[in-house]
Amino acid sequence: MTDVETRRAIDAVWRLEAARIIAGVAGLVRDVGLAEELAQDALVAALEQWPESGVPDNPGAWLMAVARRRAVDRIRRERNYAGKLAEIGHRMEEVEDAAFDAVLEDRIEDDVLRLIFTACHPVLPTPARVALTLRMLGGLTTEEIARAFLVPEPTVAQRIVRAKKTLAEAGVPFEVPEGPERAERLSSVLEVLYLIFNEGYAATSGDAWVRTDLALEALRLGRLLAGLAPGEPEVHGLVALMEIQASRSRARTAPDGTPVPLLEQNRGRWDRLLIDRGLAALLRARDLGGAPGPYVLQAAIAACHARAASAEETDWGLISKLYDLLARRLPTPVVELNRAVAVGYARGPEAGLEIVDALASEKSMADYHLLPSVRGDLLARLGRTAEARAELERAASLTRNAAERAALEKKAADLG
């Protein structure tokens with residue numbers, strides 16, 4: 001292999017194995033910041049050695065072995081070596097003698113789950129959780145994360161450094177919580193994954209409307225989490241939601257990059273494999289029983305659209321009822337705005353407009369561009385063209401995404 005091919009192979013292996021390597025090392029040192037540092041040392045070793053020696057038959061296991069041996073060396077250099085040796089006990093001998101296929105052991109999978117819960121700990125602000133998750137679980141570089149979220153690279157680097165420091169200072173344990181805390185922490189994990197997915201699915205700023213790589217990375221992490229926590233209905237619900245939404249990717253933009261609304265999309269371009277995977281994940285969530293949570297309900301709504309052969313066949317009555325349930329489980333202004341859309345199709349634009357107008361006093365919605373966008377659509381359907389045009393123009397002025405702004409401006413102009 002050429003040096004360029006070797007570098008590409010290393011990048012690919014790192015992207016796939018980063019979470020397991022960091023988690024495996026964190027299981028020894030009980031410090032995710034130090035674990036990531038040691039894993040990076042192993043990556044540097046690969047960059048130095050593989051161009052000469054070639055890519056190993058099991059590159060992930062090679063990186064794991066190097067990282068864990070560095071962890072043992074680090075522990076031995078600590079002044080409290082004896083205490084730490086007693087703490088890790090038999091693990092050290094296992095590290096010393098482990099075969100390369102140790103990367104596949106169940107304990108490593110458990111450590112990955114611990115890493116997910118640690119990186120998404122509520123003690124961290126949301127931007128830091130997102131950056132740390134993409135760095136440690138997604139294997140993305142600081143530059144890639146900064147480019148994806150359109151923020152300066154030093155900002156992302158500072159978020160990651162501060163996140164590691166905060167986790168260490170707060171003494172956050174490297175474990176999967178149990179009891180009531182587990183549900184709270186799981187909610188934080190799912191929130192982070194869905195935040196990453198949404199930024200890729202409908203970018204909040206920049207020129208591009210869709211950032212497919214970011215959405216697919218969130219989906220990959222969601223599938224990983226579902227495999228690690230198969231008994232959690234909301235995990236399967238989130239995966240189902242992301243699978244079904246991702247199925248529309250090819251149909252969501254016109255050739256010039258402008259957004260295509262859901263009801264105007266060419267459904268023949270929807271990915272049926274992703275839809276089938278999403279529906280299967282939704283069934284798994286329902287089979288686990290219990291009252292449906294927010295992600296299961298949102299997935300059920302997405303499934304209604306996926307099952308409709310055409311926009312005209314959409315079951316808005318059922319979607320409206322699902323939004324009623326969702327609004328009770330997740331009473332937020334954004335959910336209420338989406339409910340207004342469903343009610344507007346199920347019971348008429350007047351009913352939808354009544355819900356939207358009730359949101360006008362919400363401070364959190366004051367600069368939210370989708371509020372005037374939805375209101376403009378409802379007014380247009382009522383024939384109140386001048387008011388509709390003004391609302392759409394206001395929505396265009398509020399959005400930070402260039403493609404979405406162009407689409408809103410065109411929609412306003414089309415009203416005459």
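The values are calculated or read from the model by the stated rules, or taken from the named source; none is laboratory data. None of the values given here were measured: they were computed from a predicted structure. Quick reminder, even Gly has a Cβ in these numbers, built from the backbone with ideal geometry, and neighbours come from all protein chains shown. The accessibility values were calculated without ligands, DNA or RNA, using every heavy atom of the protein model including side chains. Shrake-Rupley method; radii C 1.70, N 1.55, O 1.52, S 1.80 Å.
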Once amide H atoms are built 1.01 Å from N in the peptide plane, which residues 5 or more positions from T253, or in another chain, come under 5 Å H to H? V260
Distance in nm between pseudo-label sites at A402 and T212 (7 Å out along the Cβ direction from Cα): 2.0
Any chance you could give the angle, 0 to 90 degrees and rounded to 10, that helix 385-398 forms with the longest Cα principal axis of the chain? 20
Using only protein heavy atoms and a 1.4 Å probe, report how much of D11 is accessible, in Å² to the nearest 10. 80
Using each residue's phi in the stretch 249-256, evaluate 6.51 cos²θ - 1.76 cosθ + 1.60 at θ = phi - 60° and report the 3J(HN,Hα) Karplus result to the nearest Hz, with x for Gly and Pro. 3, 5, 9, 7, 10, 7, x, 8
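Between T385 and L273, take the C-beta separation as r, use R0 = 45 Å, and let me know the FRET efficiency to the nearest 0.05.
According to the calculation, E is roughly 0.60.
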Residue by residue, what Karplus-based ³J(HN,Hα) values in Hz, rounded to whole numbers, does the stretch 117-129 have, using 6.51, -1.76 and 1.60 with θ = phi - 60° and x for Gly and Pro? 5, 6, 5, 9, 5, x, 5, 8, x, 4, x, 6, 4
Ellipsoid semi-axes in whole angstrom, largest first, where each is sqrt(5λ) of the Cα gyration tensor of the stretch 275-321: 20, 13, 7
State the extension gain, in nm to one decimal, for the chain segment bounded by R220 and Q49, taking 0.36 nm per residue of separation less the distance between their alpha-carbons. 58.6 nm
Modelled FRET efficiency - R0 41 Å, L262 with R77, Cβ distances, 0.05 increments: 0.10
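Could you tell me what percent of the accessible area of the stretch 307-405 is made up of carbon and sulfur, with a 1.4 Å probe and every protein chain present?
Here carbon and sulfur together make up 50 percent of the probe-accessible area.
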I'd like the FRET efficiency for L283 and A358, computed as 1/(1 + (r/R0)^6) with the beta carbon distance as r and R0 of 45 Å, rounded to 0.05. 0.80
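Within a Cβ distance under 11 Å of G138, other residues only, what is the Lys/Arg minus Asp/Glu net charge?
Local net charge: 0.
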Over all directions, the chain yields a Cα convex hull whose mean projected area in nm² is 22.7
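Over the chain, what is the mean sequence separation of C-alpha contacts under 8 Å (at least six apart), divided by residue count, expressed as relative contact order in percent? Don't skip to the end; give the middle numbers.
Details: 584 pairs, mean separation 44.8, N = 416.
Here the relative contact order equals 11 percent.
Compute the relative contact order of the stretch 320-416 as a whole-number percentage, counting only Cα pairs closer than 8 Å that sit 6 or more residues apart in sequence.
On the way: 117 pairs, mean separation 18.5, N = 97.
Over the stretch 320-416, the number comes to 19 percent.
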Taking 8 Å as the Cα distance limit and 6 or more residues as the minimum spacing, I'd like the relative contact order of the stretch 105-225 as a percentage. 27
Angle, helix 180-201 long axis vs. longest principal axis of the chain, Cα atoms, 0 to 90°, nearest 10? 70
Rounded to the nearest 10 degrees, the helix 294-307 long axis (Cα) sits at an angle to the longest Cα principal axis of the chain of 60
How big is the dipole moment of the stretch 275-408 about its Cα centre under a simple scheme where the beta carbon of each Lys and Arg is +1, that of each Asp and Glu is -1, and everything else is neutral? Debye, nearest 20, please. 300
Once phi is turned into ³J(HN,Hα) by the Karplus curve 6.51 cos²θ - 1.76 cosθ + 1.60 with θ = phi - 60°, what whole-Hz value does each residue of the stretch 275-282 show in order, with x for glycine and proline? 4, 4, 5, x, 5, 5, 5, 5
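Tell me the Kirkwood radius of the stretch 288-373: reciprocal of the mean inverse pair distance over distinct alpha-carbon atoms, in Å.
Radius from the Kirkwood sum: 13.6 Å.
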